[in-house]
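The values are calculated or read from the model by the stated rules, or taken from the named source; none is laboratory data. Since the model is a prediction, treat every value here as computed from it, not as a measurement. Heads up, the Cβs are rebuilt from the backbone with ideal geometry, glycines too, and the neighbour counts pull from every protein chain shown. Areas reflect the complete protein model, heavy atoms only, side chains present, ligands, DNA and RNA absent. Shrake-Rupley method; radii C 1.70, N 1.55, O 1.52, S 1.80 Å.
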Amino acid sequence: MRSGVSRVLGTADLLLHVKFSKKEINSILVWVAVCSSINLFELWLSRAMASHIVGYPRMGPKRELKFALESFWDGKSTAEDLQKVSADLRSSIWKQMSDVGIKYIPSNTFSYYDQVLDTTTMLGAVPERYNWNGGEIGFDTYFSMARGNASVPAMEMTKWFDTNYHFIVPELGPDVKFSYASHKAVNEYKEAKALGVDTVPVFVGPVSYLLLSKPAKGVEKTFDLLSLLDKILPVYKEVIAELKAAGATWIQFDEATLVKDLEPHQLQAFTKAYAELESTCSGLNVVVATYFADIPADAFKTLTTLPGVTGYTFDLVRGEKTLDLIKTSFPSGKYLFAGVVDGRNIWANDLAGSLSVLESLEAIVGKDKLVVSTSSSLLHTAVDLVNETKLDDEIKSWLAFAAQKVVEVNALAKALAGHKDEAFFAANAAAQASRKCSPRVNNEAVQKAAAALRGSDHRRATNVSARLDAQQKKLNLPILPTTTIGSFPQTIELRRVRREYKAKKISEEEYVKAIKEEILKVVQLQEELDIDVLVHGEPERNDMVEYFGEQLSGFAFTANGWVQSYGSRCVKPPIIYGDVSRPKAMTVFWSTMAQEMTKRPMKGMLTGPVTILNWSFVRNDQPRFETCYQIALAIKDEVEDLEKAGITVIQIDEAALREGLPLRKAEHAFYLDWAVHSFRITNVGVQDTTQIHTHMCYSNFNDIIHSIINMDADVITIENSRSDEKLLSVFREGVKYGAGIGPGVYDIHSPRIPSMEEIADRVNKMLAVLETNILWVNPDCGLKTRKYGEVKPALQNMVTAAKKLRSELASAK
């Protein structure tokens, strides 16, 4: 039935472009509707209901794409097998949205790895090291760029704006030869059309693509990436022309960089780009999407005056101030895609509140120009609440995953069209009221303790230099001490043990025995490799955030609430629904067990409060910093218990501190103040001889280096190699760092094994800008996703490189 409606609506769009009168159009549509055997009321309602989804999760409700990708990478299945799983996922997503009643359904939001990498392949912008010889880019080249291979490293990966999603950073320069090298967008549009679903192909916009890129190795860092605009636009034109020929009537360009602080020449690039595309887009409706924050006034003006653009998508959840710009400056005759359903969290929409906002916007832009939408792609939320059979009914009533958000969008569109589902709205209102007054949400003692934190900056009494001296006397480490970041490979057998224990198929005694054996294996391996400061490998942990959330009050957990982080890597964020506290110790048992197995220092491994916050679905009924302070107090209790148990090195990971940095510079100081304060709260009470480490990865840290110093950690390990040692530039520019620091010496997200010489070369580059007595040697990140066959030789080469350099430094004295 729904495909019939799509056929009629497609006919309507075509007739509008051919310039039929409204009376003629309605007569023709009635005839087409009768021929399609659909209800005329359904047709009218579908035309009246304007609904849109920015993008949708691609992994599948049970992570089908993850398993298909990993099977293909392991050589256990064919490219055809992977393509079949992918086609089935795309089909189910399109049909789901079509059946619900969504009018503007996205295509080309599916990806085998990352949408920015897809744009790089579309443009044929393959770095020379991958030896691509032209033609349609296949899986070999595509996955080599994403993951590296035995011969060459992967491209850099970094965070997508302020989310936990990672994208592959394009490497560009003046000599790049752009060409139309991937027909994915057109093929997927045709694929959906063959299923009876007319879609809106979605692209990373040309200007945002360049602004998210970096100069390739060997290209001057000052190279103006926007100078390549004239070279990439011809490829975009080719794609657009093919889509028009295939019957597309709408196209979406995601230009999310418009919400950032942009210079005038950067804003002018948007006008130039869309003026150049205007003639090619003639006959198409073009919507430009922004998301994740308020759009600045100058960018709003640029956006709403772009040539050839039909409509604009705004995030009205995180961008509340954008409403004022819309109310005063929205251009007449344009479509407003109003993002009132949150694309980045899992709370059910306040439908009554959203409807009120939509009705106020309707009065400004007109009924026929207002489209209900999501605030961003639903890529950043879990897939379907129907798969959560273990969540209790009360909490479940407060939630909406991607599938439910699609229904919410459609319900709001129906209500706006005068066909409000009263029962659906009433159930939603009851759930909203339940959440506000539930006793499981509020804990007065926790709120008071967190409120009391604001009077102090919680800084350790002794400066870091004196602390490092005291710690060295106790630890007696060599120069260039070696360590790893925390996790070791999570084998199939290990995952089976955890799964069976959770399902109560094995006893607690059997579980502890199995985990103890795994810890012993990891400890013995590190001793065999002669690593200086050890980790226990975290075999008891499913995820670095979920593990802690399961032991803290105020958290709820899903069975299938997976969200893509990068490639096939998915995380299952906890849900913080209430005030947070720690009922009992969380890691002391395992850490002390591991320390008893060795005479070398064993790191106690914790996840920091800011990372737990940023990698969770956070309650939206109080400021984020209040929740973070509550988590900080819980981690503080754990740190002090570890110290009492004899653990002398404690790592408090803040991998996501940079990720939470607001997109606008004016908001940076406030965030960094409470985020850094939260970290210091966790360890303010420990002795000088207890060494506090932290770890950060896969973000650009140079612009917050002074805040990192202000965290006052004794040692920081930080991603460095995959970003081509970008971090070292800040020290070349004169920033003085007095604490211990371990810039990563090799990329753990690639199966490639670095040589001893390569690692030694990296460490020598570090020694050129950092003092010998503060430098540590370690990988970029944890080893959880790697195999032992990759980990052992890589770590052996790392330790050998450190020893070689120690000898050379000793000889040079």
- Message: Taking 0.36 nm per residue of sequence separation and subtracting the Cα-Cα distance, how much length would be gained by fully extending the chain between Ser332 and Phe557, in nm to one decimal?
- Response: 76.4 nm
- Would you work out if region 418-476 is rounded, prolate or oblate? Take a ≥ b ≥ c from the square roots of the eigenvalues of the alpha-carbon gyration tensor; rounded if a/c is under 1.5, else prolate when a/b is larger than b/c, oblate otherwise. prolate
- Task: Report ³J(HN,Hα) in whole Hz for each residue of region 450-461, in order, from the Karplus equation J = 6.51 cos²θ - 1.76 cosθ + 1.60 where θ = phi - 60°; Gly and Pro get x.
- Result: 5, 5, 6, 6, 6, x, 9, 9, 6, 10, 4, 5
- Message: Tell me which GluC sites (Glu not before Pro) from region 156-263 have a DSSP coil assignment and no more than 11 other beta carbons within 10 Å of their own.
- Response: Glu220
- Message: Test of understanding: what is the full-extension gain from Lys321 to Asp761, defined as 0.36 nm times their sequence separation minus their Cα-Cα distance?
- Response: 153.5 nm
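How large is the accessible surface per residue of the chain, computed with a 1.4 Å probe and reported in Å² as a whole number? Before the final figure, lay out each step's value.
Values: 31200 Å² over 813 residues.
With the other protein chains kept in place, the chain gives 38 Å² per residue.
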- With a ≥ b ≥ c from the Cα gyration tensor eigenvalues, square-rooted, and the rule rounded for a/c under 1.5, otherwise prolate when a/b > b/c and oblate otherwise, region 495-554 is oblate
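Rounded to a whole number, what % of the accessible area of the chain do carbon and sulfur atoms account for, probe 1.4 Å?
Details: 16180 of 31200 Å².
Its accessible area is 52 percent carbon and sulfur atoms.
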- Note down the nm distance, to one decimal, between modelled labels 7 Å out along Cα→Cβ at Lys231 and at Thr305. 3.0
- Förster-model FRET efficiency, 22 Å R0, Glu508 and Thr598, C-beta, rounded to 0.05: 0.35
- Task: Specify whether the C-alpha gyration tensor of region 591-672 places it in the rounded, prolate or oblate class, a ≥ b ≥ c being the square roots of the eigenvalues: rounded for a/c under 1.5, otherwise prolate if a/b is larger than b/c and oblate if not.
- Result: prolate
- Note on the structure: Mean separation of Cα contacts under 8 Å (at least 6 apart) over the residue count of region 522-582, i.e. the relative contact order in percent, is 29
- Task: Mind scanning Lys184/Lys665; Lys184/Lys390; Lys95/Lys414; Lys231/Lys301; Lys334/Lys414 and naming the pairs with a C-alpha gap bigger than 28 Å?
- Result: Lys184/Lys665; Lys184/Lys390
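Once you charge only the Cβ atoms, +1 for Lys and Arg and -1 for Asp and Glu, what is the size of the charge dipole of the chain about its Cα centre, to the nearest 20 debye?
About 480 debye.
Between Lys396 and Ser356, what is 0.36 nm times their sequence separation minus the Cα-Cα distance? Round to one decimal in nm. List each step's numbers first, then the result.
Numbers: separation 40, 0.36 × 40 = 14.40 nm, distance 2.48 nm.
Extra length from Lys396 to Ser356 when fully extended: 11.9 nm.
From Cα pairs below 8 angstrom and at least 6 apart in sequence, can you work out the relative contact order of the chain, rounded to a whole percent? Mind dumping the intermediate values first?
Working: 1489 pairs, mean separation 99.0, N = 813.
Normalised by residue count, the contact order of the chain is 12 percent.
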- Note on the structure: Expressed in angstrom and rounded, the centroid-to-centroid distance over alpha carbons for region 545-609 and region 208-274 is 40
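Kirkwood hydrodynamic radius of the chain from all distinct Cα pairs, in Å?
Details: mean 1/r = 0.0357 Å⁻¹.
With all distinct Cα pairs of the chain included, I get 28.0 Å.
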- Item | Virtual paramagnetic centre 7 Å along Cα→Cβ of Asn442, amide N under 15 Å, in region 618-638 | 621-623
- Query: Each label point is 7 Å from the Cα along the Cα-to-Cβ direction; what then is the distance between the points at Asp368 and Ala645, in nm?
  - Reply: 6.8
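Past the 23 Å Cα-Cα mark, which pairs from Lys260/Lys636; Lys193/Lys369; Lys159/Lys603; Lys448/Lys584? Present the calculation step by step, with values, prior to reporting the outcome.
Values: Lys260/Lys636 35 Å; Lys193/Lys369 25 Å; Lys159/Lys603 27 Å; Lys448/Lys584 20 Å.
Among Lys260/Lys636; Lys193/Lys369; Lys159/Lys603; Lys448/Lys584, the Cα-Cα distance tops 23 Å for Lys260/Lys636; Lys193/Lys369; Lys159/Lys603.
With only Lys, Arg, Asp and Glu charged, each at its Cβ (+1 for the first two, -1 for the last two), find how big the charge dipole of region 648-773 is about the Cα centre; round to the nearest 20 debye.
220
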- Spin-label pair Lys792/Glu493, simplified geometry with 7 Å Cα→Cβ offset, distance in nm: 1.3
- Message: Solvent-accessible area of Trp562, probe 1.4 Å, all protein chains present, reported in Å² to the nearest ten, please.
- Response: 50
- Which of the trypsin sites (Lys or Arg not before Pro) found in region 108-204 are in a DSSP loop and have at most 13 neighbouring Cβ atoms, other than their own, within 10 Å? Lys177
- Message: Using Stokes-Einstein with the Kirkwood hydrodynamic radius over Cα pairs, what translational diffusion coefficient do you get for region 250-293 at 20 °C and a viscosity of 1.002 mPa s, in µm²/s rounded to a whole number?
- Response: 187
- At the level of C-alpha centres, the distance separating region 428-444 and region 619-636, in angstrom, is 18
- Task: Estimate the FRET efficiency between Phe139 and Ala429 by the formula 1/(1 + (r/R0)^6), using the beta-carbon distance for r and 56 Å for R0, to the nearest 0.05.
- Result: 0.70
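Suppose only helical runs count, i.e. DSSP H with n ≥ 4. What mean residue ellipticity at 222 nm does that imply for the chain under -39500 (n - 2.57) per run, divided by all residues and rounded to the nearest 500 deg cm²/dmol?
Numbers: 30 runs with 360 residues, N = 813.
Using -39500 (n - 2.57) per qualifying helix, the result is -13500 deg cm²/dmol.
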